[in-house]
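Derivation of every value follows stated rules applied to the coordinates shown; laboratory data play no part. This structure is a prediction, so every number in the text was calculated from the model and none was measured. Glycine gets a Cβ as well: all are built from the backbone with ideal geometry, and neighbour counts include every protein chain shown.
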Amino acid sequence: MTTPGTTPDTAPDSGDLSDPDPVTARALHSAAERLAYAYDTTFDATEVREVLVDSYRQLARTARVTLFLPTLAERLTRERLEALGATRGLIAKRVPEVLFVCVHNAGRSQMAAALTRHHAGTALHIRTGGSDPGEHIHPEVVAAMKDIGLSLDEEFPKPLTSDILAAADVVITMGCGDRCPYLPGKRYEDWPIDDPDGATADQIAAIRDDIDHRVRGLIASMLPDLTLPAPR
């Protein structure tokens, strides 16, 4: 397992919002202003800008369509700033945080996150990340979750960053092997779950149900007083 640091994954020039595409540049500038305003009592505007540009660059590495990248980068930056604030004691952590990690953040980790949010509600804070994030969530996975009434339409593959990892109390890894992250002092579980990429609809449904079973066990260990509905 690798051992990343606990600071934003930024390059020396990552505060530079310039972009060859003027539309993208304007969108990033607007996002930086919104984020700086939202976190003005917690973070310096320069750091906000650095995290935003780093988030954009990481997402752009695998994106074929970049039209919505500034919006997705803004969403990812909010997650990262919340994580940084919690780690530094600047933002109160009200509930335990669980991080689900798989290789592409396009199947298993997304299903696990959706099922955990469904069962635990606001009693747990859930994040996901990929050691090598994909371009999009597998459509077959989206369909399998819709079959049980859960939507992944607003989700997208995200890079695993050191700030997100540092904020987690429990880290669940699935199939990323030596590329999975490691920081001392956290609770780790590795779930040996098949990759849904290329699987049939029935196989993906079985993977989903396996994840659901494991999620229920995780929630029971973290929230023993929470009553969960019976499995389907």
Based only on other Cβ atoms within 10 Å, what is the fewest-to-most ordering of PHE100, PHE68? PHE68, PHE100
Projected onto the charge dipole of the chain (unit charges on the beta-carbon of Lys, Arg, Asp and Glu, signs +1, +1, -1, -1), the Cα from ALA112, GLY175, VAL23 with the largest positive-side position is that of ALA112
For region 23-144, just say rounded, prolate or oblate: build the C-alpha gyration tensor, square-root its eigenvalues into a ≥ b ≥ c, call rounded for a/c under 1.5, and beyond that prolate if a/b exceeds b/c, oblate if not. oblate
Can you work out the base-10 log of I(q)/I(0) for region 22-87 at q = 0.29 1/Å, using the Debye formula on its C-alpha atoms alone? -1.33
Rel. contact order, % - alpha carbon contacts under 8 angstrom, at least six apart, region 97-222: 32 percent
Give me the log10 of I(q) over I(0) for region 96-232 at q = 0.15, 0.18, 0.20 Å⁻¹, as the Debye formula computes it from C-alpha points; what are the numbers? -0.66, -0.98, -1.22
